[in-house]
Amino acid sequence: MAESSKKRRRTNSDDLPFKNKLKPDTVILQSLKDFSTFSSSSSSSSKTLTLQDLSLPFSCREVSDLSLSSVQSNIESLVLRIAHSILSGNGFAFDVPSRSAANQFYVPELDRIVLKDKTSLRPFANISTVRKSAITARILQLVHQLCIKGIHVTKRDLFYTDVKLFQDQIQSDTVLDDVSCMLGCTRSSLNVVAAEKGVVVGRLIFSDNGDMIDCTKMGMGGKAIPPNIDRVGDMQSDALFILLVEKDAAYMRLAEDRFYNRFPCIIVTAKGQPDVATRLFLKKMKTELKLPVLALVDSDPYGLKILSVYGCGSKNMSYDSANLTTPDIKWLGVRPSDLDKYKIPEQCRLPMTEQDIKTGKDLLEEDFVKKNPGWVEELTLMVKTKQKAEIQALSTFGFQYLSEVYLPLKLQQKDWL
């Protein structure tokens, strides 16, 4: 009876669509080793371009990591200029870099969005900007306190220091980015971090504030990515690639199946919209380990937007794109062409809403999409068919189809863009 049950389970597994196309794991692993070696040698030999290497027709604003003493000194210099202006009878205004869409520019040579150098005045003696000026002054005061004490706080902590003034966290978060841009430092240099969100599991060992962490021994939940990247160091890995996953559900599936043992890799997710800590961590892994990055996202416009934030940067934080972007991320799946290629049933596909279609068409107008013909082709197909699908649509063939067939076949065929 037990023997019959085992045979039936084995037969059902062998009947999975396209499983018969899979070659032995040794063949796929050899192909991955060649790809990883090529990617590593390319990263080592190619010189990293910077804004200074380009002759752009306009100046740009970029920030850098600063020490606490430098941030403190910058704040004090700014406040002294304000005090001098007030004592001269001129009142005061903050000169704030504009982070509007019109002041941003995609640079193809760098493959990321940068912030141009336009600024706008935020005067205190103006009814339309008085409150935002007060919030700016308060944020500067709080960051100055953090510099003196040498401690970190979360953005939520910062908001609760003056709820009546800030009113909601979006306002304090926005001004925090303004302050970072004004002072010319990264947001992490302000010692203000977001709550832990991203997680990592797989073939990675690193030190977190002096403690060595082995990400193969973190269970299926993985290791939470530290919110302040300066705690992270001594990265070691025998992985062949980094697998960047959009959704927590897909991440859990791959972690529980220990996909990283079958195909040596590091699996990382921000559980949806990328946070700063996960973007910094991914960039650090790519830079130090020189591994290729493959992305697994939903087949919808928002999946591609999330992928583009990791690769080209977000418009909200374009001033820090040099530190937050990870170049040359490959789009592994789930792509619109996969829906027919893998015969995803109609009942597992979703109709795109009018907003989805508009977002897809808007993406087709973006320079970072136009640069990649494969992306244009896939996005055009999505908008034309008006169909989308989540990674979980693959579960129609079995809960482990993602880790047992779909991803191994993708890796075997080197089917990425």
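The values are calculated or read from the model by the stated rules, or taken from the named source; none is laboratory data. In this text the structure is predicted, and so the values were computed from the model without any measurement. Every residue, glycine among them, receives a Cβ derived from its backbone with ideal geometry; neighbour counts consider all protein chains shown. Heads up: the accessible areas ignore ligands, DNA and RNA and are worked out on the full protein's heavy atoms, side chains in. Shrake-Rupley method; radii C 1.70, N 1.55, O 1.52, S 1.80 Å.
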Tell me which label goes with the value of Rg and Dmax of the Cα atoms in Å computed from the coordinates here: [x] 21.5, 80; [y] 22.5, 78; [z] 24.0, 94.
[z]
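Considering only the other residues whose Cβ falls under 13 Å of the Cβ of Asp168, what net charge follows from Lys and Arg at +1 and Asp and Glu at -1?
With Lys, Arg at +1 and Asp, Glu at -1, the net is +2.
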Per-residue ellipticity at 222 nm for the chain, helices alone: DSSP H runs ≥ 4 residues times -39500 (n - 2.57), over residue total, nearest 500 deg cm²/dmol?
-13000 deg cm²/dmol
So, how do all the Cα-to-Cα distances of segment 320-361 break down into 10 Å bins, in percent, from 0 on up?
20, 33, 31, 15, 1
Under 12 Å from Lys305, Cα to Cα: aspartates and glutamates that are on another chain or at least 8 residues apart
Glu246, Asp356, Asp362, Glu366
Quick one: what does P(r) look like for segment 271-417 with 10 Å bins over all Cα pairs, in whole %?
11, 39, 37, 13, 1
Among 376-383, 52-59, what's the highest-first ranking by average C-beta atoms within 10 angstrom per residue?
376-383, 52-59
Residue order for His152, His84, His144 - accessible surface, 1.4 angstrom probe, largest first:
His84, His152, His144
Rounded, prolate or oblate: which fits segment 100-148 when a ≥ b ≥ c are the square roots of the eigenvalues of the alpha-carbon gyration tensor, with rounded for a/c under 1.5 and prolate only if a/b beats b/c?
oblate
Cα→Cβ-extended label distance, 7 Å offset, between Asp367 and Ser207, nm:
4.1 nm
With all protein chains in place and a 1.4 Å probe, Asp177 shows an accessible area in Å² (nearest 10) of 10 Å²
If you take the beta carbon distance between Phe58 and Lys341 as r and set R0 to 51 Å, what does 1/(1 + (r/R0)^6) give as a FRET efficiency, to the nearest 0.05?
0.70
When a/c is below 1.5 the answer is rounded, else prolate if a/b is larger than b/c, else oblate, so apply that to segment 188-343 with a ≥ b ≥ c taken from the square roots of the Cα gyration tensor eigenvalues.
oblate
Packing rank of 299-310, 395-406, 347-358, where each peptide gets the mean count of other beta carbons within 10 Å, highest leading
299-310, 395-406, 347-358
Given bins 5 angstrom wide, list per bin the percent of all Cα-Cα distances in segment 337-417, short to long.
3, 13, 22, 21, 19, 15, 6, 1
Add +1 for every Lys or Arg and -1 for every Asp or Glu among the other residues with Cβ under 12 Å from the Cβ of Phe58, and state the total.
+2
May I ask what percent, to the nearest 5, of DSSP beta bridges between residues of the chain are antiparallel?
65 percent
Chain lengthening between Leu87 and Tyr160 when straightened (0.36 nm per residue, less Cα-Cα):
23.1 nm
Antiparallel bridge percentage (DSSP; both residues within segment 222-343; nearest 5):
0 percent
Full extension from Asn126 to Ser395: what is 0.36 nm times the residue separation minus their Cα-Cα distance, to one decimal in nm?
91.1 nm
Please report how far the C-alpha centroid of segment 20-37 lies from that of segment 194-227, rounded to the nearest whole angstrom.
27 Å
Write down the Å³ per residue value for the convex hull defined by the alpha carbon atoms of segment 81-165.
166 Å³
Could you work out the local net charge near Arg335, counting Lys and Arg as +1, Asp and Glu as -1, over the other residues with Cβ closer than 12 Å to its Cβ?
-3
Listed residues Ala322, Ala93, Ala255; largest mean-square fluctuation, Gaussian network over the chain with Cα springs below 10 Å, found at Ala93
Between Ser69 and Lys290, what is the spin-label point distance in nm, taking each point 7 Å from the Cα along the Cα→C-beta axis?
3.5 nm
